[in-house]
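Worksheet: one structure, shown below.
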Amino acid sequence: MLKRIIVSPAVLFFIVLLNFLLMKLAPGDPVRMFVSGTYAPPEYVEAMRHRLGLDKPLYEQFLIYISRLVQGDLGFSFVHNAAVLHLIGGRLYNTLLLTGLAFILSLVLGILLGVIASKKPYSALDNSASFSSLIVFSMPQFWVAIIFLLLFALYVPIFPPGGLISVGKTGVDYWVDFLWHLILPTFVLGLTNLATFVRLTRASMLEQLGKDYILTAWGKGCSERDVLYKHALRNALLPIVTMIGLRLPWLLYGAVLIETVFSWPGLGMLLYDAIFSRDYNIIMGIFTIISALVIVFGLITDLVYTYVDPRIAY
Amino acid sequence: MRLAEFWLRYRKSRLAVVGAATASIFVLISIFAPFITPFPPFEQHLENKFLPPSSVNIFGTDQLGRDLLSRVIFGTRISMMIGLLVTLLSTLIGILVGACGAFVGGEMDELLMRITDLTYCLPTFFLILTALALFGPNLINLVLVMGTTMWPVTARLIRAEVLSVKEKDYVLASKVCGVGSATILFSEVLPNAIYSVIVASTLRTATAILYEASLSFLGLGDPSLVSWGWIIRESLPFIRIAWWMPIFPGIVLSTLVIAINLTGDGLNDALNPQLKER
């Protein structure tokens, strides 16, 4: 366990190093950002390099970069005229809320469908569940989002076409309206991530259902419900817990794309705008923050895993 | 496993056959794209903008009056190219890293596996996105960045396989006969490991194609090429008046990815028969 906790900061360090190297290796001179036109006096360029610390040796630049990161300084966005950490902080909650709700939706629905599919393997129900989850899994998430937007916000306007809230709502109305805006993106993100959990639950359940203790449970006269949910599912959940830890990058990847379509003001929209305006500090900042999130979340799932399955020790 | 035996097993699944056939059609379309498009993909007819699907423009036209079907057909090329090149590059790196580690063993193995683990737990999509934004979105960078980040699964598969056959009698026998490590790797070990690598590679092709579409959609596509993700991105401001602009490229893209995933599933069942019977 201790090893696991030590490894996580090492991974984070590796990511920070990677970020720094990418920044250094990328073509283009940062000084050019402050120099308009093609010609600049060499003395001015030299002074600018000195001011930005670009004349220092590489390791020193890296140390400065790290010490700033530790202090929560992810750089400055000249497009927004604000600190990157501040910009990300303002959007992070929206993304985490969307991702969290979609995660729960896909997990609960995925396990349920997986159990149902495993009841009669290779039956029509099982085949159609497997096939349809494969199809949804293969569709680009931003495209599914566009379809839902067209269907349920433009042609049949049940849901708002995007944004966080409508203008001029207060009190309870505000929160109802907020949730109203959240439903469509959450549903699309949950749906497109369903397949992994359906397939894994089905495979894991089939493995458990073939074991002797299940035969014993049937022999004792347990009801189907008890056998499936109390005996088999409990053991079948173990590989699913592992998968939960591995799915977060995928959910965030989907969230970024879906936010763009629904104009949900989270990290995705920030990223989309940053790519458009070539705001590299924001792009790198988002990469750092998302990496940190993924590592911390992975560590938490590992801790949970040792709790649910005491046989495992790291 | 002989080819005939493999085919007998593979064709048992009708979906897998349909998937492989569809994927082959896409390969043909991408090769013969210039000969089958009704119009040049970049030709603008501003008087014909936003035409709904008709017998002339089967997929309709876009905001510049370009024929959407022709653009989608040309988009097949970039998706196919990305899918194939990224899979080739990442599989090659994976084989080299996995085989090196397992063959040499010791500290080399330890180091290579740590690098593999590190790369595996990175949020791949965001790493690709960041690198591409910094280095500039063009086809070569796209292939290089994706190829150098998507190899860990293959490396692990190869390493496990090499470790399991390294001590088998036939490998020891070739060693005793004085056969070199590289020859043993390519003629004795790899043919046994290749099945699981093929399945993993097929599924990765699908992921690479989806990644490329997503990157283009976010604005990191090669601007000089027609890509499905880019077409859908361009359609966003107009979806209220031109539903066909995002719909058709998306259907084609989904069809290709579904076909590849079905092929991968079929290969998995055909190449690992013991898994199916379990």
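Kindly check whether there is at least one residue in the range A:247-256 that is among the small types (Gly, Ala, Ser) and facing another protein chain (nearest Cβ under 7 Å). Talk me through it step by step, then tell me what you get.
From the range A:247-256, those among the small types (Gly, Ala, Ser) are A:254-255; that's our starting set.
When the remaining residues are screened for being facing another protein chain (nearest Cβ under 7 Å), the result is none.
There is no residue in the range A:247-256 that is among the small types (Gly, Ala, Ser) and facing another protein chain (nearest Cβ under 7 Å).
Quick check on this structure: which one of A:96, A:113 is under 24 Å from residue B:211 (Cα atoms) and either among the hydrophobic types (A, V, I, L, M, F, W, C) or crowded, with 17+ Cβ neighbours inside 10 Å (or both)? Show your work before the answer.
Details: A:113 fails: under 24 Å from residue B:211 (Cα atoms).
Result of the check over A:96, A:113: A:96.
Counting only residues that are at the interface with another protein chain (Cβ under 9 Å from one of its Cβ atoms) and among the charged types (D, E, K, R), which one in the range B:233-245 is surrounded by the most Cβ atoms within 10 Å (Cβ to Cβ)?
Initial filter on the range B:233-245 (at the interface with another protein chain (Cβ under 9 Å from one of its Cβ atoms)): B:233, B:235-236, B:239-240, B:243.
From the residues that got through so far, the ones that are among the charged types (D, E, K, R) too are B:233, B:240.
Values: B:233: 20, B:240: 10.
By that ranking, first place goes to B:233.
Would you be able to say whether some residue in the range A:156-163 is in contact with a Pro (Cβ under 8 Å, 6 or more places away or on another chain), closer than 30 Å to residue A:269 by Cα and surrounded by fewer than 20 Cβ atoms within 10 Å (Cβ to Cβ)?
Step one: filter the range A:156-163 for residues in contact with a Pro (Cβ under 8 Å, 6 or more places away or on another chain), giving A:163.
Keeping just the survivors that are closer than 30 Å to residue A:269 by Cα gives A:163.
So of that shortlist, the ones also surrounded by fewer than 20 Cβ atoms within 10 Å (Cβ to Cβ) come out as A:163.
Yes, the range A:156-163 contains at least one residue that is in contact with a Pro (Cβ under 8 Å, 6 or more places away or on another chain), closer than 30 Å to residue A:269 by Cα and surrounded by fewer than 20 Cβ atoms within 10 Å (Cβ to Cβ).
Is one or more of the residues making up the range B:134-144 assigned to a loop (DSSP other than H, G, I, E, B) and touching a residue at least 24 places away in the same chain (Cβ under 8 Å)? So that I can check it myself, show each step before the final result.
Of all residues in the range B:134-144, those assigned to a loop (DSSP other than H, G, I, E, B) come to B:136-138.
Next, from what is left, pick out any that are touching a residue at least 24 places away in the same chain (Cβ under 8 Å): B:137-138.
Checked against the condition, which is being assigned to a loop (DSSP other than H, G, I, E, B) and touching a residue at least 24 places away in the same chain (Cβ under 8 Å), the range B:134-144 yields at least one hit.
Out of A:195, A:153, which single residue is under 30 Å from residue B:229 (Cα atoms), within 13 Å of another protein chain (Cβ to nearest Cβ), among the small types (Gly, Ala, Ser) and in contact (Cβ under 8 Å) with a residue 40 or more places away in the chain? Even if it seems obvious, please write down each step before you answer.
On the way: A:153 fails: in contact (Cβ under 8 Å) with a residue 40 or more places away in the chain.
Unique residue meeting the criteria: A:195.
Which one of these is modelled with pLDDT under 90, among the β-branched types (Val, Ile, Thr) and not assigned by TED's automatic domain parsing to the domain that holds residue A:244: A:79, A:156? Before the answer, list the steps.
On the way: A:156 fails: not assigned by TED's automatic domain parsing to the domain that holds residue A:244.
Just a single option satisfies the conditions, and that option is A:79.
What about residue A:168, is it within 14 Å of another protein chain (Cβ to nearest Cβ), assigned to a loop (DSSP other than H, G, I, E, B) and at positive phi? Reasoning before the result, please.
On the way: within 14 Å of another protein chain (Cβ to nearest Cβ): no; assigned to a loop (DSSP other than H, G, I, E, B): yes; at positive phi: yes.
For residue A:168, the condition - within 14 Å of another protein chain (Cβ to nearest Cβ), assigned to a loop (DSSP other than H, G, I, E, B) and at positive phi - is not met.
Report the residue count in the range B:150-165 for those that are polar (S, T, N, Q) and either closer than 13 Å to residue B:113 by Cβ or crowded, with 21+ Cβ neighbours inside 10 Å (or both).
Number satisfying all stated conditions: 1.
Is at least one residue of the range B:121-141 surrounded by fewer than 18 Cβ atoms within 10 Å (Cβ to Cβ) and more than 25 Å from residue B:249 (Cα to Cα)?
Looking only at the range B:121-141, we keep the residues that are surrounded by fewer than 18 Cβ atoms within 10 Å (Cβ to Cβ), and these are B:136, B:138-141.
Applying the additional criterion that residues be more than 25 Å from residue B:249 (Cα to Cα) yields none.
Within the range B:121-141 (the criterion being surrounded by fewer than 18 Cβ atoms within 10 Å (Cβ to Cβ) and more than 25 Å from residue B:249 (Cα to Cα)), the answer is no, since none of the residues qualifies.
Please specify each residue of the range A:261-281 satisfying the condition of being over 14 Å from the mean Cα position of the chain (by Cα), facing chain B (nearest Cβ under 10 Å) and assigned to a helix (DSSP H, G or I).
If the condition is that a residue be over 14 Å from the mean Cα position of the chain (by Cα), facing chain B (nearest Cβ under 10 Å) and assigned to a helix (DSSP H, G or I), then A:261, A:272, A:273, A:274, A:275, A:276, A:280 are the ones that fit.
Each row is one residue, and each column tells you yes or no for (1) within 12 Å of chain A (Cβ to nearest Cβ); (2) surrounded by fewer than 20 Cβ atoms within 10 Å (Cβ to Cβ); (3) of a type in the set (S, T, N, Q).
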| residue | (1), (2), (3) |
| --- | --- |
| B:194 | no, yes, no |
| B:211 | yes, no, no |
| B:216 | yes, no, yes |
| B:221 | yes, no, no |
| B:228 | yes, no, no |
| B:231 | yes, no, no |
| B:247 | yes, no, no |
| B:251 | yes, yes, no |
| B:264 | yes, no, no |
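Residues checked against (1) within 30 Å of residue A:270 (Cα to Cα); (2) at pLDDT 85 or above; (3) in the same structural domain as residue A:101 (by TED's automatic domain parsing); (4) surrounded by 14 or more Cβ atoms within 10 Å (Cβ to Cβ):
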position: A:182; (1), (2), (3), (4): yes, yes, yes, yes
position: A:185; (1), (2), (3), (4): yes, yes, yes, yes
position: A:192; (1), (2), (3), (4): yes, yes, yes, yes
position: A:195; (1), (2), (3), (4): yes, yes, yes, yes
position: A:210; (1), (2), (3), (4): no, yes, yes, no
position: A:220; (1), (2), (3), (4): no, yes, yes, no
position: A:223; (1), (2), (3), (4): no, yes, yes, no
position: A:237; (1), (2), (3), (4): no, yes, yes, yes
position: A:253; (1), (2), (3), (4): yes, yes, yes, yes
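List every residue pair whose Cβ atoms lie under 8 Å apart, where the two residues are 6 or more positions apart in sequence or sit on different chains, the first residue falls within the range B:189-209 and is in contact (Cβ under 8 Å) with a residue 60 or more places away in the chain, and the second residue, located anywhere, is among the acidic types (Asp, Glu) and assigned to a helix (DSSP H, G or I).
Short answer, once both residue conditions are applied: B:189/B:161; B:196/B:161.
Going residue by residue through the range A:124-131, is there one that turns out to be more than 21 Å from residue B:261 (Cα to Cα), surrounded by 18 or more Cβ atoms within 10 Å (Cβ to Cβ) and out of contact with any His (no Cβ under 6 Å at 6 or more places or on another chain)?
Our first condition is that a residue be more than 21 Å from residue B:261 (Cα to Cα); within the range A:124-131, this holds for none.
For the range A:124-131, residues more than 21 Å from residue B:261 (Cα to Cα), surrounded by 18 or more Cβ atoms within 10 Å (Cβ to Cβ) and out of contact with any His (no Cβ under 6 Å at 6 or more places or on another chain): absent.
The values are calculated or read from the model by the stated rules, or taken from the named source; none is laboratory data. Just so it is clear, the structure is predicted and the values come from calculations on it, not from any experiment. When we count neighbours, we look across all protein chains shown, and the Cβ atoms used for this are built from the backbone with ideal geometry, even at glycine.
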